[in-house]
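First up is the structure itself, then whatever we jot down about it.
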Amino acid sequence: MQEQILQIAQEVLGHVENIARGINNPWTIIVSLAGVLVALLLGVAGIFQDSIRAWFKKPKLNISIKVAPPDCHKTSFYQSDIDRKVCDTYYFRFRVENNGNYYAENVEAMIIEVFKKRYEQYEKVDNFLPLNLVWSHYRQPTMSKIQPKLFKHLDFGFILKSNPEYLARFGIQNNTNIFFEFDLAVRPNTGSHILFPGDYKVKIIFAGNNLEPLEKIYHLVIKDSWADDESTMLQNNVIIEEAGF
């Protein structure tokens, strides 16, 4: 930047000298003043080009979730080494769309807080550990780019039938029929990423290199019931919707 400022100053001084030499020639003065103006405009544009570009070219995220395919659907877990089906599951994903005119860079989403409804009030789940969600298929916490008018799916979580052996890994004992697990970059040993049937509110912050942080709150209701039929499960047993407090 210092080199650019020095170059601008030299050009301006050159035009000022021309004005001084042609003080009795109006045409020389007009041309030299125009040169000063052009040099200043080009210099400012060069120095602040990144800021100017950021002013006019901006990404704009639109976050949505529809509890229906393809955002949410029934699928299966497989044991990858032998390609054997382990169990059925219901997966829930956000659609993160860029409605701006510039790509969104290094986008990530972190679950900041979880609240559970108790006695008609939502109380903060104190042991919940804030962590990043992962992007569908890529299984990474950061999406390098989302181009304008395109979208990526972001995994929110999944529902499984209760499995005592699996839950025991996190020191959890529970007798519900199902549980919901946030799909995080890291699974805490405390099991704070596992929710049992109930009424919750979840605070998520979306951010990126060229984005203002965007805070969203979602209402999540999980009924203690499993249905093998996809439409029955998604329509009757799970609610996910944007909300507030």
Förster radius 30 Å - calculated FRET efficiency between V221 and N163, Cβ distance, rounded to 0.05: 0.85
Accessible-area order (highest first, 1.4 angstrom probe) of the listed residues R118, R169, R84, R95: R169, R84, R118, R95
Rounded to the nearest 10 Å², the accessible area of M110 at probe 1.4 Å: 60
Check: the stretch 103-245 dipole with +1 on Lys, Arg Cβ and -1 on Asp, Glu Cβ, in debye: 220
R0 of 25 Å, Cβ-Cβ distance Q173-D88: FRET efficiency to nearest 0.05: 0.60
Spin-label model distance (nm) - T232 vs Q140, 7 Å beyond Cα toward Cβ: 4.1
Nonlocal amide H pairs with R93, under 5 Å, H built at 1.01 Å: C72, F156
Share of alpha-carbon pairs per 10 Å distance bin for the stretch 150-218, given as whole %: 16, 44, 26, 12, 2
Gain on full stretching of the segment that runs from N189 to K149 - 0.36 nm per residue minus C-alpha separation: 10.5 nm
Nearest-10 value in Å² for the accessible area of T190, using the 1.4 Å probe: 90
Contour excess over end-to-end distance, with Cα ends at E123 and E241 and 0.36 nm allotted per residue: 40.6 nm
Cα extents of the stretch 83-204 along the three principal axes, largest first (Å): 49, 44, 21
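The values are calculated or read from the model by the stated rules, or taken from the named source; none is laboratory data. These figures come from a predicted structure and were not determined experimentally. Note that we place each Cβ from the backbone using ideal geometry, even for glycine, and neighbour counts take in every protein chain shown. Heavy atoms of the whole protein, side chains included, go into the accessibility calculation; ligands, DNA and RNA do not. Shrake-Rupley method; radii C 1.70, N 1.55, O 1.52, S 1.80 Å.
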